[in-house]
Structure formats: structure tokens, C-alpha cells
Amino acid sequence: MTLQLNDSSLFRQQAYIDGQWVDADSGETFPVYDPATGEVIANVPRLGAAETRRAIEAAERAQAGWAKLLAKDRARMLRDLADAMLANADDLAMIMTAEQGKPWPEAKAEVAYAASFFEWFGEEAKRVYGETIPAPMGERRLVVLRQPIGVTVGITPWNFPSAMPTRKAAPALAVGCTMVLKPAEQTPLSALAVAELAERVGIPAGVFSIVTGDAEDAPKIGGEMTSNPIVRKLSFTGSTQVGKLLMEQCAGTVKKVSLELGGNAPFLVFDDADLDDAIAAINVAKYRNAGQTCISANRVLVQSGIHDAFVERVVELSKTVNVAPGFDPSATIGPLIDDPALEKVARHVADAKTRGGEVLLGGDVHAEHGRTFFLPTVITGADMSWEMSNEETFGPVTAVHRFESEADAVRIANDTPFGLAAYLFTRDHARIWRVGEGLDYGMIAINTGFISAAEAPFGGVKESGIGREGSQHGIEDFLELKYMAWAGIRDE
Ligand code: ADP
């Protein structure tokens, strides 16, 4: 398949190390598939530890010079990169839809979101202020600098092929760190396209490298990233299982880690909720990216008094959700990413049925499109014994639980080792505070399904992760404090 791009040089099938487009030492490649058709759309190098080490060494050589630039000069380049992404948004979205499957307009929206990190963090880097502290002794001045942590690495998943890489690279580069990034094996092309644009706007060699590999190569690349003493920080987004492993591996050289792992988002709808708001939010929090986001509503908890009306409206909404290939203009959701994703969704639905769940809509793959095109699905009668209540489904399945009291809702919502995002629908201000404070989650969406922004701190608590991305807190994760005690400042 050849994509009809305005600028075909954005379609890169090599890794990018130290400012060079390179193949694997072995010459081996792995295929990247279009999930809508199963066709191979690209062949990308299978790198391993040796190439990753070279990328890290190049990042070390580049780091001091990059950090020495004025913040405003780095900011200017990042702004140029954001602008270049926006100028090429149609092509970047085509590449993304081809490798990930999401509808092209949704891919285009992700490109704008991805670019916003370069713009926002570039600006914010001009405000990495230090501190002076009133001294506890005479003749002293206490000063705190905030300096770039140094060489960093990022590992990203396939669900946001452009925004996950930029959410990591933007704060790193903005403050003077360098980064070696490994995109997911399913979706390396979007990250490579960003690297192509980074090169064009003048980001120096070694500052931002991309190492590619397939699922078998990931432990080798990750092993080098986490054991190499040059690397001072790992930022990972992906499964909890891999996050725990990487955190353990980072212990050997005591690296700083940021982890954005799985969620199991509760979506609480109280009797006094505005139904229109709640349904509009389901459309985003459940059906965006076919439900394949770590903040997707996973447990929809609805109070008894509004339960039936809510279910009726969700079914109505779900009937308007059109499953089709991402390049079809009528598509609102595309295919699931791959066969394991489909197997998980199908397993969750089968489990729900055996436990008494009533499937009101969907429950199967699309008759015409087949493959991994899963129908929008609504199931009622859910409880915490269901598999899908305990693991992220990552599919377009809305499972509705019924609850009676506010206390029950909070208890069920918190009954999970995860704590990324939660959604809350009520018009009672006191309840917003009580429930908002009571939910053990890093992010609470109140009467909305949309919370992500470069300006806001994205991240979770409990086993959903460590650290925040986006906002000034996202910058902090790439900085070290340096305290300087100056003595001998005596009176004349
Ligand atoms: P998902 O279930 O979303 O695919 P994973 O955690 O498996 O989540 O993958 C997220 C990212 O982590 C991908 O880039 C993948 O290649 C990478 N990855 C998976 N296993 C390892 C590993 N052992 N070491 C380093 N990276 C890994």
C-alpha cells in the first residue's frame, strides 16, 4: 500500500540515531501493519542493545551543548517543530491512521494535541526559575538551581502514536535534556515522522533519537536503556506489568522514573446528573480511539434513579457510532489495534455474559468489516466480579453497574489497584467536593469526558504510575535541584 502523502519524505522506514537515518546492524526489519486491512505498510529496522547504546552515547555528547543554549533559543526550535507538525498535519494524520487505525479526523486532532506539547513546554522552559532561601546562619546565602537531569529515555505505547512521544520529548528537550525514544512496535511511523520534522527545524544531532524494534527486541532495547549508567531518567507509558519490570531494572543505576500505566476508570453518574452531559462524555471517554485509551471509562457506575434513562440514552448514542476503516469519512471508530486486543475484548464480553450481563447492543465483531472491527457494545448488570471490572477492556464496550448510595459509589470506584482517571456527573456542588476528594485517582473529570491538555498534570496514583506529564509538574520530572550554600559573605 502506498499512502498518498503531500510530502512523502515524512514516511520514514529507518531509525534515527545521532542525526542519521540508519538500519539495524543486522540489516533485519519488522513489518508494520495497517490494522484496518492487515496489509504491511512499512518495514522498520529491528534494533537491539548495540544501536541503543550508540544512541545513548550520542545523546550524552549532545546534551551539554543543547543545555547551554538559551532557553528562548530551544523554545524557538520547539515552536518551529510544533508549527511544522501543524503544517504537515494532514500527512501526519494519514500516517497515523494507516498504522493505528483511528479515524483520520481523530488522528488529525491528535497531531494538534501532540504539537501543543512542543509549543507549551518550549514557552514554559523560559520560566524554570531557581530559589533563594533565607539562611539559618549569618554570612551565608542559600541558592537552589533547577538543572536538566541529563540524558533521558522514553518508551511509548501504540494508542497515541504521536502524542505519547511528544508528551515525553517536549519537556525533556525544552529544559535541555536529550532523549532516546522507543515507539511501540505497532506504530513507529508517527514518531519517525516527528523526528524527520525535528531534523528539519534544526534540532541538533543526538538530541532526539528514535530506536525501533519489534516485540522481541523491546526487552533488549529496554534492557540497555535501563542499565546504561549514562541514562538518568526513564519515562514510560504502557502496561503496568512492563512498567513494574522497567522500574525494577532502573533500580540498578537509581534512575528517576516516570510511569504512566494502566487505568480502570470509574464513570460515576448520580441521580441529579445532567444526562446530556453524561452521554456526551461517554461518547468521548468510551468511544474515542475505540475505547483504547488508559483513561477510557471502564466501569460505568449509575445510580438507581437514573439508571434506566441513562442506559436507554447510551444505547441510542452507541447506535450512532459507526465502525469503519479510519480513512472512511463516515467512521467514528476504527478497528482495534491487533488480534490480542480483539481477544481481550471478546473474552471480557463472554465473561460478562456468563455472569448474567445483558448485552443490549453489539457484543461482536462487525459483520461486514470483520477483522478487529468491534461493534459498540452496551451491557448492563455489571458488578465487580466481572473480568472487565478488574482489567481495562480497551475496547468500545460500555458496561453499566447500578449503585444506590454515594458511599457505595466511592467504595466501588476505589476498589482497584489502579488510580488514573475518574469521571463524576452530578449537579450537587457539595457532592462534587466530597466524591472528588474521596476518589483515589490522579485526575477527576467533573461533568466532562475530556481532560487531556498540555497545560494540565496528567498521571495516576497507586499502580497507575508515578510522576506527571504536561503542566509545570511535567517539567519538574526532567529537572534536578541543585542546592548551593555560599558562605563567607561577611560584613565589610
Ligand atoms: P501495551 O499493552 O499497551 O502494548 P506494553 O507495556 O506491552 O503495553 O507496551 C508499551 C511499550 O513498552 C511498547 O513500546 C513496547 O514495545 C514496550 N515494551 C514491552 N516490553 C518491554 C520490555 N521488556 N522492555 C522495554 N520495553 C518494553
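The values are calculated or read from the model by the stated rules, or taken from the named source; none is laboratory data. All figures in this text were calculated on a predicted structure; none of them were measured in a lab. Cβ coordinates were reconstructed from backbone atoms using ideal geometry, including for glycine residues, and neighbour counts include every protein chain displayed. Please note that ligands, DNA and RNA were not included when accessible areas were found on the heavy atoms of the full protein model with its side chains. Shrake-Rupley method; radii C 1.70, N 1.55, O 1.52, S 1.80 Å.
Give the residue list of trypsin sites (Lys or Arg not before Pro) in the range 87-151 that are DSSP loop and have at most 16 other beta-carbon atoms within 10 angstrom. Listed in order of number, the matching sites are Arg140. Under 15 Å of direct C-alpha separation, and excluding same-chain neighbours fewer than eight residues apart, Lys108 reaches these aspartates and glutamates: Asp83, Asp90, Asp91, Glu99, Asp328. Surface composition of the range 143-275: carbon plus sulfur atoms hold 60% of the accessible area, using a 1.4 angstrom probe and ignoring ligands, DNA and RNA. Placing dummy labels 7 Å off each Cα toward the beta-carbon, the span from Leu145 to Glu60 is 2.1 nm.
Charged neighbours of Leu336, selected by a Cβ distance under 11 Å, balance to 0 (K, R count +1; D, E count -1). Using a 7 Å offset from Cα along Cα-Cβ at Gln241, what residues in the range 380-395 end up with backbone N under 19 Å from the label point? Residues passing the 19 Å test: 387-395. A cut-off of 5 Å between modelled amide H atoms, ignoring neighbours fewer than 5 places along the same chain, links Ala297 with Lys286.
All Cα-Cα separations within the chain were binned at 20 Å from zero, giving a P(r) of 24, 53, 21, 2, 0, each value a whole percent of the pairs. Projecting the Cα atoms of Ala409, Ala59, Gly363 onto the charge dipole of the chain, computed from C-beta unit charges around the Cα centre, puts Ala59 farthest toward the positive end. DSSP finds beta bridges in the range 348-492, and of those with both partners inside it, around 45 percent are antiparallel. Accessible surface area normalised per residue over the chain is 39 Å², counting heavy atoms of protein chains with a 1.4 Å rolling probe. Within the chain, DSSP assigns beta bridges of which about 40% are antiparallel (rounded to the nearest 5). Within a Cβ distance under 12 Å of Ser239, other residues only, what is the Lys/Arg minus Asp/Glu net charge? In short, -2.
Near Lys353, within a Cβ-to-Cβ distance under 12 Å, what is the net charge of the other residues, with Lys and Arg +1 and Asp and Glu -1? Around Lys353, the charge tally is -2. Among Ala399, Tyr423, Pro340, pick out the residue whose Cα is farthest towards the positive end of the charge dipole of the chain, where Lys and Arg carry +1 and Asp and Glu carry -1 on C-beta, about the Cα centre. Farthest towards the positive pole: Tyr423. Label-to-label distance for Ile444 and Asp83 is 4.2 nm, based on points extended 7 Å past Cα in the beta-carbon direction. Bridging of Lys182 to lysines at a Cα separation below 19 Å is possible for Lys168, Lys220, Lys233, Lys244, Lys255, Lys256, once same-chain residues fewer than 8 apart are set aside.
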